[in-house]
Amino acid sequence: MPSSSGRTGTRCSALLLRKTNYRDADLIVTAFTEELGVVSAYATGARKSQRRFGGALEPIHTLRLELAPSRTGDLLSLRSAKLELPRLRATTSLRALEAAGKALEWIRRGAPPSSPEPMLWHLITTFLDGINETPAEARRDLATFGMGLLEALGWGLDLERCVRCGKGCDRSQRAMADGARGGLICRACGGARLILEPAMRQRLRLAVQGQRLLIEDVEASLALVAAVLERHGGID
Ligand SMILES: [Zn+2]
């Protein structure tokens, strides 16, 4: 949805990444917005004002935020928040809640501040819609989302060749992969602990384009995503 500016501030579609209590009634909110990327904002009186916030500051749902510049350094001012697209079914499933929490944490750790990320916005909202539809598939969808997230952030894994010496690895062969080093590591370069069978390597490549992974791919995919984020995003 397009943003609109003016005396009322900028309106953005957003996902809540974190909220921290401040003083008696205030909040500091970090959100991934469609229009501005990841931003942090100060919400005066947010814990008391039903009219301006109405309990809308919850994760998983798409929110409509009204943001304005503020005088307090890097923080924007959050004037109001309401639910734009609730995903109520996902909030009733522990599996979906855990998967959504992990996906939003990845974005908080990996996405650069104040930089719109349209591909990542598309991926995360599609993922959240999916787990709202079928919460039982949440972990598999999280693994698929993770591969897309790496690509969207420019940290896509090289699953075709050794990232150290550049030697290609035939698609019919098993391969060894190391997320922290960005992809495959051939035997001559010392190899890596994670073994990818040819079919799984193919599915990981296609997951970047949105094709769903299988249950048996989930652990390998999550480990790769975690290793890449550890390297690029630091520990938080
Ligand atoms: Zn090599």
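Applying the Karplus parametrisation 6.51 cos²θ - 1.76 cosθ + 1.60 with θ = phi - 60° to the phi angles of the range 32-46, what ³J(HN,Hα) value in whole Hz is obtained for each residue in order, glycine and proline being reported as x?
Per residue, the Karplus-derived 3J(HN,Hα) values read 9, 9, 5, 8, 10, x, 7, 9, 10, 9, 9, 10, 5, x, 5 Hz.
Work out from phi, with θ = phi - 60° and the Karplus expression 6.51 cos²θ - 1.76 cosθ + 1.60, the ³J(HN,Hα) of each residue of the range 197-203, listed in order in whole Hz, and give x for Gly and Pro.
These are the phi-based 3J(HN,Hα) values: 5, x, 5, 5, 4, 4, 5 Hz.
Which of the three applies to the range 143-194, rounded, prolate or oblate, going by the alpha-carbon gyration tensor with a ≥ b ≥ c and a/c under 1.5 meaning rounded? Walk me through the numbers on the way to the answer.
Working: a/c = 1.98, a/b = 1.81, b/c = 1.09.
Since a/c reaches 1.5 and a/b is larger than b/c, the shape of the range 143-194 is classed as prolate.
Share of antiparallel DSSP beta bridges in the range 91-233, in percent to the nearest 5?
Details: 6 of 8 bridges.
Roughly 75 percent of the beta bridges in the range 91-233 run antiparallel, per DSSP.
All other residues with a Cβ under 9 Å from the Cβ of L222 taken together, and with Lys, Arg as +1 and Asp, Glu as -1, what is their net charge? Each step should come with its number before you reach the end.
Details: positive: K102, R139; negative: E219.
That works out to +1.
Go through A152, G210, A31 and say which Cα lies farthest out towards the positive end of the charge dipole of the chain; charges sit on Cβ, +1 for Lys and Arg, -1 for Asp and Glu.
So the residue we want is A31.
Can you give the calculated 222 nm mean residue ellipticity of the chain, where each DSSP H run of n ≥ 4 adds -39,500 (n - 2.57) and the sum is split over every residue, rounded to the nearest 500 deg cm²/dmol? Provide the component values of the computation, followed by the final result.
Numbers: 6 runs with 78 residues, N = 236.
Taking each H run of at least 4 residues, the total per residue is -10500 deg cm²/dmol.
Using alpha-carbon positions, what is the distance between the centroids of the range 143-205 and the range 7-37, in Å?
Answer, in whole Å: 36.
Tell me, what HN-Hα J-couplings in whole Hz come from the Karplus equation 6.51 cos²θ - 1.76 cosθ + 1.60 at θ = phi - 60° for each residue of the range 9-16, using x for Gly and Pro?
Karplus-based 3J(HN,Hα) across the range 9-16 equals x, 9, 9, 9, 7, 8, 10, 6 Hz.
I'd like the accessible area for T91: 1.4 Å probe, protein heavy atoms, all chains in place, Å² to the nearest 10.
50
Accessible area per residue for the chain in Å², computed with a 1.4 Å probe and the full protein assembly in place, what is it?
Accessible surface, normalised per residue, equals 51 Å².
Along Cα→Cβ, 7 Å out, is where each label goes; now give me the distance between the ones at K48 and R64 in nm to one decimal.
In this crude spin-label approximation the distance works out to 2.7 nm.
Shape of the chain from its Cα gyration tensor (a ≥ b ≥ c, root eigenvalues): rounded if a/c is under 1.5, otherwise prolate when a/b > b/c, or oblate?
Details: a/c = 2.69, a/b = 2.03, b/c = 1.32.
Prolate, since a/c reaches 1.5 and a/b exceeds b/c.
Collect residues whose amide H, placed 1.01 Å from N in the peptide plane, falls under 5 Å from the amide H of T134; neighbours closer than 5 in sequence don't count.
Residues meeting the criterion, in which the H sits 1.01 Å from N, do not exist here.
Compute the signed sum of charges (Lys and Arg +1, Asp and Glu -1) over the other residues within less than 13 Å, Cβ to Cβ, of R23. Display every interim value, and only then the final one.
Working: positive: R47, K48; negative: D24, D26.
Net of charged neighbours comes to 0.
Under 5 Å between amide hydrogens, which residues at least 5 positions from G183 or on another chain qualify, with H placed 1.01 Å from N in the peptide plane?
D158, D178
Could you pull out which residues in the range 160-182 have an amide N less than 14 Å from a spot 7 Å beyond the Cα of I195, following the Cα-Cβ vector?
173-177
Specify which residue in the list I185, L83, L196 is farthest towards the positive end of the charge dipole of the chain, using unit charges on the beta carbon of Lys, Arg (+1) and Asp, Glu (-1), about the Cα centre.
Most positive-ward Cα: L83.
To the nearest 0.05, what FRET efficiency results for R71 and E230 with a Förster distance of 35 Å applied to their C-beta separation?
The pair R71/E230 has a calculated efficiency of 0.45.
The values are calculated or read from the model by the stated rules, or taken from the named source; none is laboratory data. These numbers come from a predicted model, not from an experiment. Methodologically, a virtual Cβ is constructed for each residue, glycine included, from the backbone with ideal geometry; neighbour enumeration extends over all protein chains shown. For accessibility, only protein heavy atoms count, side chains too; no ligands or nucleic acids. Shrake-Rupley method; radii C 1.70, N 1.55, O 1.52, S 1.80 Å.
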